[in-house]
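Asks: Got a structure here, written out as structure tokens. Questions coming.
The values are calculated or read from the model by the stated rules, or taken from the named source; none is laboratory data. Just so it is clear, the model here is predicted, and its values are computed rather than measured. Every residue, glycine among them, receives a Cβ derived from its backbone with ideal geometry; neighbour counts consider all protein chains shown.
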Amino acid sequence: MKTRLSINGETHEIDADARTTLLDALRHHIGLTGTKKGCDHGQCGACTVIVDGRRVNSCLTLACMQDGAQITTVEGLGAPGALSPMQAAFLAQDGFQCGYCTPGQICSATAMLEEIRAGWPSHVSADLEAPARLSVEEISERMSGNLCRCACYPNIVEAITQVGEAETVAEAAE
Amino acid sequence: MIPFDYIRAESSAAAATEGCRPETQFIAGGTNLLDLMKLQIVTPARLVDVTRLDLGGVEETADGGLRIGALVRNSDLAADPRVRRDYAVLSRALLAGASGQLRNMATTGGNLLQRTRCPYFYDTAQACNKRQPGTGCAAIGGVTRNHAIFGASEHCIATHPSDMAVALRALDAAVEVETPDGARRLIPMAEFHCLPGDTPQIETALAPGDLITAVLLPPPLRGSHIYRKVRDRASYAFALVSVAAVVRIEAGSFAEVALAFGGVAHKPWRDAAVEAALVGRPADRAGFDAAADLLLAEARGQGGNEFKIPLLRRTLVAVLTEAAKGQMQ
Ligand SMILES: Cc1cc2nc3c(=O)[nH]c(=O)nc-3n(C[C@H](O)[C@H](O)[C@H](O)COP(=O)(O)OP(=O)(O)OC[C@H]3O[C@@H](n4cnc5c(N)ncnc54)[C@H](O)[C@@H]3O)c2cc1C
Ligand code: FES
Ligand code: FES
């Protein structure tokens, strides 16, 4: 089954069995192995990529269902020498140990900050209608779909806080 | 996954026609169906992708309610300003479910039709009347931590895992369906999910090929909107028990009460007698306890889930206490 995917700004056409998940298409058909497979069942977040601006689990969608979609993987966020702010913050704050969950964490966190900017509430927001805030509690709740077996959570939260605060300062200055 | 044919539906009529053929499943967000297909619990020969249909958007209805398209993602619904303002119990229930990534994929229609998380349903080596009718229920007498305390049968003791559906039940929503002959019908949430009885493989009032097109909310109910979910970890876990409540208190007494319970039955559980007993009663601890007594009088544990009975009692009392506090300051 032929599927056209725009990945990190480049168009790819793959011809794969309909059973191919987006995750397997990225890793096996396109060779982008930054995106990781942890559980293959939506339970860990290692496979998180950004599809049409939203973070999703690439293990629970079929590549053919994403025909025509714009996909960003960890490789598309930045590159060695030109890291994205979130990638740089994970390095600066030591937000990983083995690194297996990290691409998923970084994609998830990047899109999560957009959700906060759009004003989406979370389970821990006291007031559903108030503007969304950046706090440790909010970050932990909003990132609960990304497990880290090395338990680097404190530093992951630090890294996200660093980027979130820098963005807020930049916006205030504009 | 076993091989299947993939068909992208271009119209709801085409989807319904395709959906009538044997061994066919619709797919929307895919977050439940693909999980089950990978484990070969569900093995469709054909998948009909409905995500390109025009079933999105949240619109106001003539009667002052809302019409939620079947393809509206759980994250969009939870963040919709009208839902946050007027149907907070629904936003809260959605936000308590799954993860940010999954809510971005999960649809309103798919969420209603998600399958049980019974471990025996998930293990194809075990007997399960829901997965393979007539084979028995290995959960009975087994590990029953997440099973039903209301409405179970000797054939199935599974629970429905959706948080969203519990809020929709409390809100008296209705599910709009397009049938294969092109007709539209409305199924009240009260009648949408079934109890297991002796046909646990039948979970809803849908017939083959029926396509969910929308969920309709009646005009908003005033009062406190609360969704309290109790689970094994603080986030990203299914409910052990949950309570969806819309409660209005006037002059210290209950004026309007809608309560639905999750994690405790094969469908979102609601008990009209409990609500009737509360209306007109002072919003005090004696009233809360009496309501819990009434609710739990018919609860039956299965061994491993006995803890749900006191847990549901405490959760209901906590929710009513919170509602009373919120409205009597
Ligand atoms: C790790 C994990 C944790 C989760 N935690 C929670 C939780 O805490 N609380 C909770 O409530 N849920 C939870 N979920 C479940 C999640 O909410 C559901 O998987 C999701 O809502 C299903 O929606 P979908 O669009 O992805 O459905 P799909 O997987 O696409 O479909 C599910 C079913 O619905 C049918 N279907 C879909 N759309 C239609 C339609 N329009 N008409 C007719 N039939 C249709 C399909 O044929 C299929 O049978 C969790 C899931 C995972 C993987
Ligand atoms: S690999 Fe997709 S969530 Fe674990
Ligand atoms: S750094 Fe090892 S799993 Fe997260």
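Asks: Sort out which residues of the stretch A:24-47 are closer than 15 Å to A:ASN8 by Cβ, in contact with a helix residue (DSSP H, G or I) (Cβ under 6 Å, 6 or more places away or on another chain) and within 13 Å of ligand 2 (Cβ to nearest atom), and write them in order of number.
Replies: To start, the set of residues in the stretch A:24-47 that are closer than 15 Å to A:ASN8 by Cβ comprises A:25-27, A:29-35.
Filter once more, keeping what is in contact with a helix residue (DSSP H, G or I) (Cβ under 6 Å, 6 or more places away or on another chain): A:25, A:32-35.
Of everything in the stretch A:24-47, just one residue is closer than 15 Å to A:ASN8 by Cβ, in contact with a helix residue (DSSP H, G or I) (Cβ under 6 Å, 6 or more places away or on another chain) and within 13 Å of ligand 2 (Cβ to nearest atom), namely A:THR35.
Asks: In the stretch A:150-174, which residues are over 17 Å from the mean Cα position of the chain (by Cα) and within 16 Å of ligand 3 (Cβ to nearest atom)? Steps first, answer last, please.
Replies: Filtering the stretch A:150-174 for residues over 17 Å from the mean Cα position of the chain (by Cα) gives A:150-151, A:154, A:165-174.
Those that are over 17 Å from the mean Cα position of the chain (by Cα) and within 16 Å of ligand 3 (Cβ to nearest atom): A:CYS150, A:ALA151, A:PRO154.
Asks: Additional query: Would you mind finding the one in B:LEU259, B:LEU294, B:LEU316 that is outside any helix (DSSP H, G or I) and at pLDDT 95 or above?
Replies: Unique residue meeting the criteria: B:LEU259.
Asks: If you don't mind, another one. Take the residues of the stretch B:54-73 that are within 13 Å of ligand 1 (Cβ to nearest atom) and more than 10 Å from every other protein chain (Cβ to nearest Cβ): which is farthest from the chain's Cα centre (by Cα)? Give the derivation first.
Replies: Filtering the stretch B:54-73 down to residues within 13 Å of ligand 1 (Cβ to nearest atom) leaves B:54-56, B:68-73.
Among the residues that remain, those that are also more than 10 Å from every other protein chain (Cβ to nearest Cβ) are: B:54-56, B:68-72.
Details: B:ASP54: 24, B:LEU55: 20, B:GLY56: 20, B:ILE68: 15, B:GLY69: 17, B:ALA70: 14, B:LEU71: 16, B:VAL72: 16 Å.
Step by step, filter the stretch B:54-73, then rank; the result is B:ASP54.
Asks: Residues in the stretch B:130-142 that are in a loop (DSSP other than H, G, I, E, B) and more than 18 Å from B:LEU39 (Cβ to Cβ): how many? Lay out the reasoning, then the answer.
Replies: From the stretch B:130-142, those in a loop (DSSP other than H, G, I, E, B) are B:130-136, B:138-142; that's our starting set.
Pick out the ones that are also more than 18 Å from B:LEU39 (Cβ to Cβ) and you get B:133-134, B:136, B:140-142.
Residues flagged as in a loop (DSSP other than H, G, I, E, B) and more than 18 Å from B:LEU39 (Cβ to Cβ) within the stretch B:130-142 amount to 6.
Asks: Just wondering, is there one or more residues in the stretch B:8-19 that are in contact with a Pro (Cβ under 8 Å, 6 or more places away or on another chain) and surrounded by 21 or more Cβ atoms within 10 Å (Cβ to Cβ)?
Replies: First, pick out the residues of the stretch B:8-19 that are in contact with a Pro (Cβ under 8 Å, 6 or more places away or on another chain): B:16-17, B:19.
Retained after the next criterion (residues that are surrounded by 21 or more Cβ atoms within 10 Å (Cβ to Cβ)): B:16, B:19.
Checking the stretch B:8-19: at least one residue is in contact with a Pro (Cβ under 8 Å, 6 or more places away or on another chain) and surrounded by 21 or more Cβ atoms within 10 Å (Cβ to Cβ).
Asks: Could you tell me how many of the residues in the stretch B:151-171 are assigned to a loop (DSSP other than H, G, I, E, B), hydrophobic (A, V, I, L, M, F, W, C) and under 17 Å from B:PHE238 (Cβ atoms)? Before you say what the answer is, go through the steps one by one.
Replies: Kept after step one, since they are assigned to a loop (DSSP other than H, G, I, E, B), are these residues of the stretch B:151-171: B:151-152, B:154-155, B:157-163, B:171.
When the remaining residues are screened for being hydrophobic (A, V, I, L, M, F, W, C), the result is B:152, B:157-158, B:171.
From what is left, the residues that are under 17 Å from B:PHE238 (Cβ atoms) are B:157-158.
Total meeting the criteria: 2.
Asks: Among A:GLY45, A:GLY76, which is the only one that is modelled with pLDDT of 95 or more and away from every other protein chain (no Cβ under 14 Å)?
Replies: Values: A:GLY45 fails: away from every other protein chain (no Cβ under 14 Å).
That would be A:GLY76, the only listed residue that is modelled with pLDDT of 95 or more and away from every other protein chain (no Cβ under 14 Å).
Asks: A further question on this structure: Of these, A:ALA126, A:ALA173, A:ALA166, which one is of a type in the set (A, V, I, L, M), in contact (Cβ under 8 Å) with a residue 60 or more places away in the chain and more than 27 Å from A:LEU32 (Cβ to Cβ)?
Replies: Numbers: A:ALA126 fails: in contact (Cβ under 8 Å) with a residue 60 or more places away in the chain; A:ALA173 fails: in contact (Cβ under 8 Å) with a residue 60 or more places away in the chain.
When all the criteria are applied, what remains is A:ALA166.
Asks: Considering each residue of the stretch A:134-164, count those that are assigned to a helix (DSSP H, G or I) and either within 14 Å of chain B (Cβ to nearest Cβ) or in contact with a strand residue (DSSP E or B) (Cβ under 9 Å, 6 or more places away or on another chain) (or both), and give that number.
Replies: Final tally of qualifying residues: 10.
Asks: For residues in the stretch B:74-101 being under 17 Å from B:VAL166 (Cα atoms) and of a type in the set (Lys, Arg), which is farthest from the other protein chains (Cβ to nearest Cβ)?
Replies: In this case the residue turns out to be B:ARG92.
Asks: Among the residues of the stretch B:30-38, is there at least one that is assigned to a strand (DSSP E or B) and within 13 Å of ligand 1 (Cβ to nearest atom)? Working first, answer last.
Replies: Restricting attention to the stretch B:30-38, the residues satisfying the condition of being assigned to a strand (DSSP E or B) are none.
No, that holds for no residue.
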